[in-house]
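Peer 1: Just dropping this structure here.
The values are calculated or read from the model by the stated rules, or taken from the named source; none is laboratory data. Remember, predicted model here, so these are calculated numbers, not experimental data. With ideal geometry, Cβ positions are generated from the backbone for all residues, glycine too; neighbour counts draw on all protein chains shown.
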Amino acid sequence: MTFLLLTDNLMTRARLETAARAAGAEVLARGSECVPDLVAVDLSALGALEAIASWKAGHPSALILAFGPHVQTELLAAAREAGAGEVVPRGAAERRLAALLRRPEPGNAESGG
């Protein structure tokens with residue numbers, strides 16, 4: 001599975017990219033030619049909601065995980081409206097990311113399909 005993280009926070013980047021690699025994902029650099037299977041978007045980054053809407057419009061099959069401060073419920077709801085399939089508080093992002101990356105991919109022999 002391929003993974004792209006959109007964040008301006010270096011600590012968040014290090015933590016989530018390490019978790020993605022530990023789950024067996026290939027971490028893509030921003031601007032990569034490859035279309036990721038999973039995009040994680042830090043809602044505190046500039047243009048986060050626009051990035052979600054753009055990814056969803058251009059790559060409808062990509063799974064989008066958005067995360068942000070749990071107290072900003074309106075922002076979390078806006079991420080859902082923009083097209084994020086998964087929206088979690090910042091504190092749950094690493095755990096949810098690992099779970100999503102460990103899911104069998106459709107068509108994979110391990111998934112039974």
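Peer 1: Give all pairs with beta carbons closer than 9 Å in which a residue from the stretch 7-27 that is at positive phi meets a residue that is not polar (S, T, N, Q); count only pairs at least 6 apart in sequence or on separate chains.
Peer 2: What qualifies is G24/M1; G24/L101; G24/R102.
Peer 1: Which residue pairs have Cβ atoms closer than 8 Å, lie 6 or more positions apart in sequence or on different chains, and pair a first residue in the stretch 43-60 that is closer than 12 Å to L75 by Cα and of a type in the set (K, R) with a second residue that is modelled with pLDDT of 95 or more and surrounded by fewer than 16 Cβ atoms within 10 Å (Cβ to Cβ)?
Peer 2: Every condition considered, no pair remains.
Peer 1: Kindly check whether there is at least one residue in the stretch 101-108 that is in a helix (DSSP H, G or I), surrounded by fewer than 14 Cβ atoms within 10 Å (Cβ to Cβ) and modelled with pLDDT under 95. Write out each step before concluding.
Peer 2: At the first step, the residues of the stretch 101-108 found to be in a helix (DSSP H, G or I) are 101-102.
This time we only want the ones that are surrounded by fewer than 14 Cβ atoms within 10 Å (Cβ to Cβ), so: 102.
When the remaining residues are screened for being modelled with pLDDT under 95, the result is 102.
Yes, the stretch 101-108 contains at least one residue that is in a helix (DSSP H, G or I), surrounded by fewer than 14 Cβ atoms within 10 Å (Cβ to Cβ) and modelled with pLDDT under 95.
Peer 1: Right, another one. Would you check which residues across the stretch 1-46 are among the hydroxyl-bearing types (S, T, Y) and over 13 Å from the mean Cα position of the chain (by Cα) and list them?
Peer 2: If the condition is that a residue be among the hydroxyl-bearing types (S, T, Y) and over 13 Å from the mean Cα position of the chain (by Cα), then T18, S32, S44 are the ones that fit.
Peer 1: When both residues are 6+ apart or on different chains and their Cβ atoms are under 6 Å apart, which pairs have a first residue that lies in the stretch 63-82 and is farther than 20 Å from R13 by Cα, and a second that is at pLDDT 95 or above?
Peer 2: Partner pairs satisfying both residue conditions: L75/L43; L75/G68; A78/L49; R80/V87; A82/L49; A82/I52; A82/A53.
Condition check ((1) out of contact with any helix residue (DSSP H, G or I) (no Cβ under 6 Å at 6 or more places or on another chain); (2) farther than 16 Å from S54 by Cα; (3) surrounded by fewer than 18 Cβ atoms within 10 Å (Cβ to Cβ)) across all residues:
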| position | (1), (2), (3) |
| --- | --- |
| T2 | yes, yes, yes |
| L5 | no, no, no |
| D8 | yes, yes, yes |
| A14 | yes, yes, yes |
| G31 | yes, no, yes |
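Peer 1: Just for the stretch 39-76: of the residues that are in a strand (DSSP E or B) and touching a Ser or Thr at 6+ places or on another chain (Cβ under 7 Å), which one is nearest to E17 (Cα to Cα)?
Peer 2: Taking the stretch 39-76 first, the residues in a strand (DSSP E or B) are 39-42, 63-68.
After this cut, where a residue has to be touching a Ser or Thr at 6+ places or on another chain (Cβ under 7 Å) as well, the list is 42, 68.
Details: D42: 13, G68: 17 Å.
Filtering the stretch 39-76 for residues that are in a strand (DSSP E or B) and touching a Ser or Thr at 6+ places or on another chain (Cβ under 7 Å), the one nearest to E17 (Cα to Cα) comes out as D42.
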